[in-house]
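So the structure is just underneath, and the comments pick up after that.
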């Protein structure tokens, strides 16, 4: 049963910002994230937030060690507020994302140029090297 839940969550997480939802006769996009949870991480939460022009999505994942990954698309907020800048990472799709954070709390933020911006990954429980590894394992950043 757990494997089926994980597979369903990974299928959802692997999709892009697409799809439509009917709301009062109009169609608005459902934002989805391109993120495959690394080995050992299981879904912990899913949240959708309706806006006039989109439905934003938040997916959460956790592992047995208490580390967490939260992935957002189209959710408004001040992600990383108060955290210092920590450079950039090259995304697997060719874009660039800003990294904010220190110690074991990190925020990776980028825009794709559509209604589902911003895209954000919040990582808790990894040092800077571990952040790069988990983002690579999730298929978000370019390997190497």
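The values are calculated or read from the model by the stated rules, or taken from the named source; none is laboratory data. Since we're looking at a predicted model, the values are computed, not measured. All Cβ positions, even for glycine, are placed from backbone atoms using ideal geometry, and neighbour counts span all protein chains on display.
Of the strands (runs of 3 or more DSSP E) contained entirely in segment 21-77, those carrying at least 1 residues that are more than 24 Å from residue 132 (Cβ to Cβ), out of contact with any helix residue (DSSP H, G or I) (no Cβ under 9 Å at 6 or more places or on another chain) and at pLDDT 90 or above fall at 26-30, 42-50, 55-62. Would you check if there is a residue in segment 81-88 being assigned to a loop (DSSP other than H, G, I, E, B) and at pLDDT 95 or above? So far as segment 81-88 goes, yes, one or more of its residues are assigned to a loop (DSSP other than H, G, I, E, B) and at pLDDT 95 or above. Just one of (1) over 16 Å from residue 138 (Cα atoms); (2) in contact with a strand residue (DSSP E or B) (Cβ under 9 Å, 6 or more places away or on another chain) fails for residue 78. It is (2).
Please determine whether any residue of segment 104-116 is in contact (Cβ under 8 Å) with a residue 12 or more places away in the chain, on the phi > 0 side of the Ramachandran plot, assigned to a loop (DSSP other than H, G, I, E, B) and over 13 Å from the mean Cα position of the chain (by Cα). No, the conditions are met nowhere in segment 104-116.
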